[in-house]
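The values are calculated or read from the model by the stated rules, or taken from the named source; none is laboratory data. Source: prediction; values computed, not measured. Here the Cβ is made from the backbone with ideal geometry for all residues, glycine too, and neighbour counts use every protein chain on show.
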Amino acid sequence: MDSEDDLSGADQGPVITEDAPGFDMLADADSDNQIAVQKSYQVLARKYRPQNFDDLIGQEAMVQTLTNAFESGRIAHAFMLTGVRGVGKTTTARILARALNYATDGVDGPSIELGEMGVHCDAIMQGNHVDVMEMDAASRTGINDIREIIESVRYMPASARYKVYIIDEVHMLSRAAFNGLLKTLEEPPEHVKFIFATTEIRQVPVTVLSRCQRFDLRRLGADDTQKLLHKVCAAENEAVPDEALALIARAADGSARDALSLLDRALAHVDPAQADGATLTADTMRGLLGLADRGRVFDLFDMMMSGRVSEALAEFEAQYNMGADPAIILADLAELTHWLTRLKFVEGAGDDVTFSAPLRLRGQQAAEALSTRVLSRAWQVLLQGHDETLRAMNGRAAAEMVIIRMAHLADAPTPEELMKQWESAPADAAPAAPSAPAGSAAPAPHASASPASPTQARSSASSSASVGNGGNSGAANGETARLTQPQTEFQPPVLQNFAALIALVEQQRDIGLKHALENGVHLVRFEPAHGERAGRVELRLAEGQSNIAQDLTRKLRQWTGQNWVISLSSERGAVTVASVRQSEAEQRHAAALEDPQVKSVLSIFPDAQIVSVNDFSADALPAIDDGMMPVDADEYPDEDA
């Protein structure tokens with residue numbers, strides 16, 4: 001009996017032939033499985049993974065160093081690759097392993113030029129080559145795992161030129177594992193290469209770093225990331241607007257893998273029925289990235305900085321009811337504060353595409369209206385408040401307290417400004433007396449009273465000196481009566497228009513601010529304060545005029561006791577007050593030239609000129625009181641004499 005008969009015996013079971021029943025069904029099932037495997041989708045981050053050094057983006061310094069090392073034969077035995085997530089550390093390690101073991105029909109040696117696939121290239125890039133061992137230190141952290149490497153390095157590679165050990169997230173190894181690797185890492189066999197990758201380079205012992213050639217993979221810039229996205233979209237035959245790709249590049253924050261993952265999600269969002277990515281607009285992309293509600297964050301920030309506590313709490317409650325986390329709301333406010341501060345110092349910060357065009361314009365105006373000190377104080381309050389909200393038992397209550405704190409601190413003077421106010425206060429300025437009920441005498445000072453301030457001490461000393469030197473008793477009695485009278489309640493001035501505002505500034509004798517309001521600003525809009533509603537003034541600064549918005553906001557609140565929002569606008573606005581007055585002066589000058597009496601005077605004195613025209617009405621003339629010197633007729637004889 002031959003071998004074929006043995007194989008066809010009864011012990012071998014039934015033999016299935018092509019004409020056996022059910023054979024077609026099995027074949028169809030097999031075919032369906034193959035089709036399903038072939039149609040499985042591969043994400044863009046894996047599909048467009050770099051295959052050689054030319055595909056790496058933004059790593060020119062590392063590529064140049066490796067090129068020179070390979071050409072000169074100065075190839076290190078250990079490499080340390082560090083960088084942020086998704087920047088390409090593991091991919092670079094595989095490309096480096098491929099370069100070390102590169103072999104083709106025409107090349108048999110380490111090479112950076114990887115134009116064609118070599119004998120070992122495909123297996124190395126797939127991660128299944130027998131001589132290129134990849135180990136995840138996050139899951140294999142112990143000394144026993146390192147012992148396996150130490151034992152295996154003594155054996156020659158099976159087919160490749162070098163045995164390459166790629167250890168990802170090497171900072172996760174234990175102290176014992178690092179110590180066990182040191183000797184082998186310092187003096188490995190000639191056929192062994194180590195490639196380490198980590199995101200936490202500071203957690204790697206210095207003894208390990210000193211044995212490796214370190215390469216810091218640079219974080220991808222927004223332009224580099226956008227070029228990568230354009231390249232992938234062209235390969236996928238997808239038309240995505242540039243602004244949408246710019247949003248993805250900014251959200252990726254330097255990570256190529258994050259950028260491709262976000263592009264994957266964006267392309268999945270596109271309606272297949274509409275070609276050329278017609279539904280993937282910039283606004284749609286902002287919604288996918290969670291940036292669509294930044295306008296409401298801006299509204300909440302504006303309410304806080306203008307002191308509108310009730311409206312701010314209502315807006316916070318509305319966002320909370322929509323599902324927003326209190327800590328996330330405070331984090332968004334802090335991010336907005338950071339962006340507004342960058343607008344003051346960083347050129348091009350206003351081109352952030354994550355904000356829509358109206359919000360970018362609004363941000364420019366807010367950055368001009370708020371000083372750096374106010375923004376820095378807001379950042380500190382929000383930063384501390386965010387930490388308090390995370391640790392609080394009731395996050396919503398903690399966030400509301402932060403908002404209330406922000407609203408009350410928005411226009412408060414800084415410590416430096418308080419010191420300047422105290423230093424500039426006159427020495428004889430008397431402190432404001434507290435209001436007392438009618439008919440009650442002033443309380444006598446107690447020995448245990450708190451010490452007086454320097455200004456109060458100087459004022460008290462002046463009062464004592466005037467009494468001790470025998471001053472006017474009537475004046476002293478009058479002063480005593482005035483102090484014992486009930487203090488009237490402070491009545492804030494009502495500002496109904498811009499002219500009343502300038503009059504208030506003149507009344508407070510702030511010459512610099514008055515000059516700026518009259519000569520350096522164009523009024524765009526004026527809304528008086530009413531109740532808890534803050535007053536609003538929109539101005540456009542004239543050329544050469546410095547920003548007075550913050551100074552005017554603080555002083556109006558101090559003088560009127562009401563909240564005011566002073567913002568800068570790009571609208572043209574009205575002409576300056578000085579221009580209006582200049583026009584009125586020119587009209588009075590022209591009218592004076594037409595006056596008959598003025599003409600007769602100018603005819604008599606042809607060289608005379610009209611310098612100014614003043615309005616001497618009856619109310620404007622000073623009253624003559626009894627204290628004025630009488631005119632003596634003897635001192636002024638007649639002209640005829």
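Scanning for something farther than 28 Å from V537 by Cβ and in a helix (DSSP H, G or I), does the stretch 346-358 turn up at least one residue? Yes, because at least one residue in the stretch 346-358 is farther than 28 Å from V537 by Cβ and in a helix (DSSP H, G or I). When every residue of the stretch 67-87 is checked against the conditions, at least one turns out to be surrounded by 18 or more Cβ atoms within 10 Å (Cβ to Cβ) and among the hydroxyl-bearing types (S, T, Y). D264 passes every criterion in (1) part of a helix (DSSP H, G or I); (2) farther than 18 Å from K47 by Cα; (3) not aromatic (F, W, Y) apart from (2). Scanning the stretch 560-610 for residues that are β-branched (V, I, T), within 24 Å of A367 (Cα to Cα) and touching an Asp or Glu at 6+ places or on another chain (Cβ under 7 Å) yields one hit, T576.
Of all residues in the stretch 355-381, those that are touching a residue at least 24 places away in the same chain (Cβ under 8 Å) have Cβ atoms under 7 Å from Cβ atoms of residues that are buried (at least 16 other Cβ atoms within 10 Å of the Cβ) and among the aromatic types (F, W, Y), 6 or more apart or on another chain, in L359/F298; R362/F298; G363/W339; G363/F355.
In this structure, A256 does satisfy being touching a residue at least 12 places away in the same chain (Cβ under 8 Å), surrounded by 21 or more Cβ atoms within 10 Å (Cβ to Cβ) and within 24 Å of T92 (Cβ to Cβ). Out of the residues in the stretch 62-112 meeting the condition of being outside any loop (DSSP other than H, G, I, E, B) and of a type in the set (D, E), tell me which one is nearest to S255 (Cα to Cα). This residue is E71. Candidates D145, D136, D122: the one that is assigned by TED's automatic domain parsing to the domain that holds V63, among the acidic types (D, E) and under 19 Å from N52 (Cα atoms) is D122. When the stretch 286-340 is filtered for residues that are hydrophobic (A, V, I, L, M, F, W, C) and touching a Gly at 6+ places or on another chain (Cβ under 7 Å), the ones remaining, listed by number, are A327, L330, W339, L340. Just one of the listed residues (E416, E368) is outside any loop (DSSP other than H, G, I, E, B), modelled with pLDDT under 90, farther than 28 Å from E243 by Cβ and not basic (K, R), namely E416.
Which one is surrounded by the most Cβ atoms within 10 Å (Cβ to Cβ) among residues in the stretch 220-236 that are under 14 Å from Y48 (Cα atoms) and not aliphatic (A, V, I, L, M)?
Among those that are under 14 Å from Y48 (Cα atoms) and not aliphatic (A, V, I, L, M), it is T225.
When each of T389, T354 is tested for being among the hydroxyl-bearing types (S, T, Y), in contact with a Gly (Cβ under 8 Å, 6 or more places away or on another chain) and crowded, with 16+ Cβ neighbours inside 10 Å, the lone residue that passes is T389.
For the condition among the basic types (K, R), in contact with a Leu (Cβ under 8 Å, 6 or more places away or on another chain) and closer than 25 Å to T225 by Cα, K47 does not qualify. For the stretch 232-247, filtering for residues that are in contact (Cβ under 8 Å) with a residue 40 or more places away in the chain and closer than 21 Å to K47 by Cα leaves 4.
Evaluation of G512 against the conditions (1) without any contact (Cβ under 8 Å) to a residue 40 or more places away in the chain; (2) of a type in the set (G, A, S); (3) on the phi > 0 side of the Ramachandran plot shows that the sole unmet condition is (3).
When the test is whether a residue is surrounded by 20 or more Cβ atoms within 10 Å (Cβ to Cβ) and within 30 Å of V119 (Cβ to Cβ), I167 passes it.
Of the residues in the stretch 516-528, at least one is within 16 Å of W559 (Cα to Cα) and at pLDDT 85 or above.
Take A314 and decide whether it is free of Cβ contacts under 8 Å to residues at least 40 places away in the same chain and over 23 Å from A399 (Cα atoms).
no
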